[in-house]
1. Here's a check for you: in the stretch 307-340, which residue that is within 12 Å of Ala373 (Cβ to Cβ) and touching a strand residue (DSSP E or B) at 6+ places or on another chain (Cβ under 7 Å) is farthest from the ligand (Cβ to nearest atom)?
2. Just one of Pro93, Pro129, Pro51 is within 22 Å of the chain's Cα centre (by Cα), at negative phi and surrounded by fewer than 19 Cβ atoms within 10 Å (Cβ to Cβ); which is it?
3. Within the set of pairs 6 or more residues apart or between chains, which connect a residue that is more than 12 Å from Phe206 (Cα to Cα) inside the stretch 98-114 to a residue that is of a type in the set (Gly, Ala, Ser) and in a helix (DSSP H, G or I) with Cβ atoms less than 7 Å apart?
4. In this structure, is Thr281 over 26 Å from Phe98 (Cβ atoms) and among the polar types (S, T, N, Q)?
5. Determine, yes or no, whether Thr281 is part of a helix (DSSP H, G or I), surrounded by 21 or more Cβ atoms within 10 Å (Cβ to Cβ) and out of contact with any Asp or Glu (no Cβ under 7 Å at 6 or more places or on another chain).
6. How about the stretch 39-48: which of its residues are more than 16 Å from the ligand (Cβ to nearest atom) and buried (at least 18 other Cβ atoms within 10 Å of the Cβ)?
7. Just name the residue that is farthest from the ligand (Cβ to nearest atom) out of those in the stretch 173-191 that are part of a helix (DSSP H, G or I) and over 9 Å from Thr222 (Cβ atoms).
8. Condition check: part of a helix (DSSP H, G or I) and surrounded by fewer than 20 Cβ atoms within 10 Å (Cβ to Cβ). Does Asn240 satisfy that?
Amino acid sequence: MTKYNFTRVLDRTDASSAKNDQNLVKQFLGLNYYDDTIPLWVADMDFECAPAISRALESRAKQGTLGYTMLTSAYQESIINWYGRRHNMKIEPEWIVFSNGTVSAIRNVIRAFTNEGDGVIIQPPVYYPFEVQVKDTNRKVIHNHLIRDDANTYSIDIADFEKKCQDPNNKLFIYCNPHNPTGNIWPEEVTQQLLTICAENDVLFFSDEIHADLLRAGKSFTSALNLEHSDKTIIATAVNKTFNVAGLHITNLVISNDELKQKLNKYTGSIGMSPFSLDATIAAYNEEEEWVTEVNQVIDTNLEMMREFIAAHIPKIRFSVPDATYLAWLDFSAFGIEEKELMELIANEAHLILERGSLFGEHGNGFIRINVACPTEILKEALERLEKLLNSM
Ligand SMILES: Cc1ncc(COP(=O)(O)O)c(C=O)c1O
């Protein structure tokens, strides 16, 4: 018996939701959106947020105190307890730095700790806003491409990474663990190697760990905080991702080095938190752990269903269940269809909005990312539409 209902279709009508916004889909992905289109793209879930979060927001709205808000000790404790309990991380209250979202944190970190023209290392195919932030701030994007073997297993090119860190122009590394879009959890020893290389070469290590609570059954995750790291290490965690409240923009950075924190504060300001973010965080971390347990079970079910469906009905797609995240990274290259044409066919014939692999980097060409965090029946319908389209070609 489950406590929450993850079968109900989320009503996005009049919600100003990005995921089903026809104009955005057209503008950003170049795809058509129809009345019966199923959007399985941008990384938010098709599930209502946990009830304690709604209650906390209602209560704050009723109270009507919506002025400038301070980060409280109850807020800090909710984070410290969550990461202590779930990830064995020992976070001190003063290490917690609120940020209005992870992408904005990355942009501020780039601005605070690098200069125009400096190199920032990323590992494509990777969450594409990393590259956008680097370019938009006039820094140089340095690619340490992931290695993909014949079985489509990804690994990190440590030798190339070290070479790039040894270049004194490269000042910052943005790590993604668990990794979007491949869903990999990088082995602990690999993260340790990367941390050591950054420490030896004075490269700031930004560890985006915002998918760390969305682990597939039986998988475990080790934060960079629990490995040997220099004090030039910043960790990003997010209520946003774990509890599907991306629109509230709640990210917490963990920064143990006070000097780094002060420097970053100059870019973020110190009273940037909304009262809704404060209350939602406390409610989520203190009251809704079971919601996360159950949502992970639904994601496991969906991914396993997807694996079985593809093996039985569309075996030309190559797919393995990821270690973490609710994002599936599927290899469509066997169809031999050029990417733009394939995405348009999927949007126009199957009425599905999926994300083309090349968005995540040129080596993502041939792949498609599918967000599976939706009621199982919806995902099944999407897969049936895909089967009908692909098997008729
Ligand atoms: C790895 C990763 N980092 C950052 C983000 C964006 O986070 P935010 O909405 O907090 O800016 C995402 C969203 O999907 C993501 O997958």
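1. Residue satisfying both the conditions and the ranking: Ala328.
2. Of Pro93, Pro129, Pro51, the one residue that is within 22 Å of the chain's Cα centre (by Cα), at negative phi and surrounded by fewer than 19 Cβ atoms within 10 Å (Cβ to Cβ) is Pro129.
3. From residues that are more than 12 Å from Phe206 (Cα to Cα), the pairs are Ser99/Ala105.
4. On the way: over 26 Å from Phe98 (Cβ atoms): no; among the polar types (S, T, N, Q): yes.
In short, no.
5. It is true that Thr281 is part of a helix (DSSP H, G or I), surrounded by 21 or more Cβ atoms within 10 Å (Cβ to Cβ) and out of contact with any Asp or Glu (no Cβ under 7 Å at 6 or more places or on another chain).
6. Answer for the stretch 39-48, where residues must be more than 16 Å from the ligand (Cβ to nearest atom) and buried (at least 18 other Cβ atoms within 10 Å of the Cβ): there is none.
7. Glu189
8. It is false that Asn240 is part of a helix (DSSP H, G or I) and surrounded by fewer than 20 Cβ atoms within 10 Å (Cβ to Cβ).
The values are calculated or read from the model by the stated rules, or taken from the named source; none is laboratory data. Predicted, not measured: the structure shown is a model, and the values here were computed from it. Because the Cβ atoms are built from the backbone with ideal geometry, glycine has one as well, and the counts that use them run over all protein chains shown.
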